[in-house]
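See structure below.
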């Protein structure tokens, strides 16, 4: 195996660590160039890059990070992408300079094409018993493609055996709105709209500021989360990124081409023209969106909770009981009752984004790195980075791990500060792990997301609202997995994007079209909506975009064959 020995230029703030940095990635603190003699516990530093931003990273100076280093001898000199930066990995490829470990998200294919990633198949087989055990039934889902069955990325963004016990997204409506209106049924767009209208008519201001009936986060790539993805969820589809996949033929087309989705966007157009959709929706930045939510004057939004939880925590921590009630409940709203929200459709283990090793590492360094990732996948590692340190962040009572109330309160109401200090949850996407609902050998859950803990973490207003709806969690209001079938290709947004320029160029073209035309259609006067939307569909039917759909359709078919999940 050829090792590509080049120096990764680390961020200035982290590169100042003395005695650990050397050309080609990790080195022992003694300066010994041979790591083969000390691959188990000797101090070593690996450089790492993640294509995801992480504002809470403090360089493993948090409590969990220190414990990981103490247990493994490994320190990660990590850099995270800033905002929506997508140029870092192409620049690496152009220069031929890579970090030791990499979490490339959607750029895996580019790195494979450049020969920058190590095939982990043999390393996992020889040195990673925990990873082998974890993926025993899903090894085919780690393979890159039907033609190239190497394992370049170990999936870390999705937990193995995951069972989601709560809804973290959907159509959000203020608990105060629900309370005042007597907890009405919120099932269709009409229900959702009527609730907003009725409350807004009674309360045009909140705390002296204008009430915002509904606002969406459309800043940069988040336009997909808050504006375009809800179109397929509200019309009965699971999340396959930008695509609709025919479940019988596996043929692919842009999901916007479905006539029912046009009607969803027509509804947004109606909301805008009636003054119910925030006029700043397509001009506001991420922080402005969150500031509005934290003010308590946003009655509704459509999003995923991870995007606005920081703002919502401000409301949870308020001394004003009414402000505490201005957080959101989650509802499976659809265009009409003929559709079912597919948020909880079973996709099996979807594989997808994760962590890989680059050719910057020597063979000995690759062994040390895979052993580190394997330790992170061990029961000891998972409990440490999911639960924290026993006696400090959780206790064991009658054989069960229990989070003290004061720790849970901090975790819920001061998430950023808690994460920076403790590191809990900070390392989950760096290593393969079991998902919610899976128990370890002690009969405890690996993660802290299980029904009893979720219900315990709800605020009193949430508990009150759920009781009125006859539910224990927000998920109880959604269609359940057994109603929705199983996806044989997992979730399409987790599949590596084809590196064929015929795909990549056309995919960027459709992205540019959609992000221009959808806001235009929503903000137009009603009489111009059809012309704009139909014009967008004509653009999306261009031959190069149709060719892109055909390329991805073949990838879906190949994936189903590789995984052995076809009918």
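Residue-level check: of (1) within 21 Å of the chain's Cα centre (by Cα); (2) crowded, with 22+ Cβ neighbours inside 10 Å; (3) under 20 Å from residue 350 (Cβ atoms), residue 109 misses just (2).
The rows are residues; the columns are (1) in contact (Cβ under 8 Å) with a residue 12 or more places away in the chain; (2) in contact with a helix residue (DSSP H, G or I) (Cβ under 9 Å, 6 or more places away or on another chain); (3) in a helix (DSSP H, G or I); (4) surrounded by fewer than 19 Cβ atoms within 10 Å (Cβ to Cβ).
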site	(1), (2), (3), (4)
499	yes, yes, no, yes
502	yes, yes, yes, yes
509	yes, yes, yes, yes
515	yes, yes, yes, yes
520	yes, yes, yes, yes
530	no, yes, yes, yes
534	no, yes, yes, yes
557	yes, no, yes, yes
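Kindly indicate which of 56, 77 is in contact with a helix residue (DSSP H, G or I) (Cβ under 7 Å, 6 or more places away or on another chain) and surrounded by fewer than 20 Cβ atoms within 10 Å (Cβ to Cβ). So that I can check it myself, show each step before the final result.
Numbers: 77 fails: surrounded by fewer than 20 Cβ atoms within 10 Å (Cβ to Cβ).
None of the other options fit; the residue is 56.
Scanning region 461-481 for residues that are surrounded by fewer than 18 Cβ atoms within 10 Å (Cβ to Cβ), modelled with pLDDT of 95 or more and not in a loop (DSSP other than H, G, I, E, B) yields 463, 464, 467, 468, 476.
Checking 128, 116 one by one, the residue that is in the same structural domain as residue 157 (by TED's automatic domain parsing), over 20 Å from residue 379 (Cα atoms), touching a residue at least 12 places away in the same chain (Cβ under 8 Å) and touching a helix residue (DSSP H, G or I) at 6+ places or on another chain (Cβ under 8 Å) is 116 and no other.
Take the conditions (1) surrounded by fewer than 17 Cβ atoms within 10 Å (Cβ to Cβ); (2) touching a residue at least 24 places away in the same chain (Cβ under 8 Å); (3) more than 13 Å from residue 444 (Cα to Cα); (4) touching a helix residue (DSSP H, G or I) at 6+ places or on another chain (Cβ under 9 Å); residue 380 misses just one of them, which is (3). Applying the set (1) buried (at least 20 other Cβ atoms within 10 Å of the Cβ); (2) not in a strand (DSSP E or B) to residue 340 leaves exactly one unmet item: (1). Is one or more of the residues making up region 386-403 within 19 Å of residue 373 (Cβ to Cβ), part of a helix (DSSP H, G or I), modelled with pLDDT of 95 or more and out of contact with any strand residue (DSSP E or B) (no Cβ under 7 Å at 6 or more places or on another chain)? Among the residues of region 386-403, at least one is within 19 Å of residue 373 (Cβ to Cβ), part of a helix (DSSP H, G or I), modelled with pLDDT of 95 or more and out of contact with any strand residue (DSSP E or B) (no Cβ under 7 Å at 6 or more places or on another chain), which makes the answer yes.
Within 19 Å of the chain's Cα centre (by Cα) and on the phi > 0 side of the Ramachandran plot: which single residue out of 356, 399, 391, 352 fits that description?
Of the residues listed, the single one that is within 19 Å of the chain's Cα centre (by Cα) and on the phi > 0 side of the Ramachandran plot is 352.
Within the set 289, 272, the sole residue that is part of a helix (DSSP H, G or I), more than 24 Å from the chain's Cα centre (by Cα) and more than 19 Å from residue 536 (Cα to Cα) turns out to be 272.
Results for (1) closer than 29 Å to residue 315 by Cβ; (2) free of Cβ contacts under 8 Å to residues at least 12 places away in the same chain; (3) surrounded by fewer than 19 Cβ atoms within 10 Å (Cβ to Cβ); (4) assigned by TED's automatic domain parsing to the domain that holds residue 209, shown as yes or no for each residue.
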| position | (1), (2), (3), (4) |
| --- | --- |
| 254 | no, no, no, yes |
| 268 | yes, no, no, yes |
| 277 | yes, no, no, yes |
| 291 | yes, no, yes, yes |
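The set of residues in region 142-179 that are more than 18 Å from the chain's Cα centre (by Cα), within 24 Å of residue 457 (Cα to Cα) and surrounded by fewer than 20 Cβ atoms within 10 Å (Cβ to Cβ) contains only 179. Restricting attention to region 346-385, the residues being at pLDDT below 95 and farther than 22 Å from residue 105 by Cβ number 1. Only one entry in 299, 237 is touching a strand residue (DSSP E or B) at 6+ places or on another chain (Cβ under 8 Å), assigned to a loop (DSSP other than H, G, I, E, B), assigned by TED's automatic domain parsing to the domain that holds residue 547 and crowded, with 18+ Cβ neighbours inside 10 Å, namely 237.
The values are calculated or read from the model by the stated rules, or taken from the named source; none is laboratory data. Quick caveat: nothing in here was measured; it's all calculated off a predicted structure. Cβ: placed from backbone, ideal geometry, glycine included. Neighbour counts: every protein chain shown.
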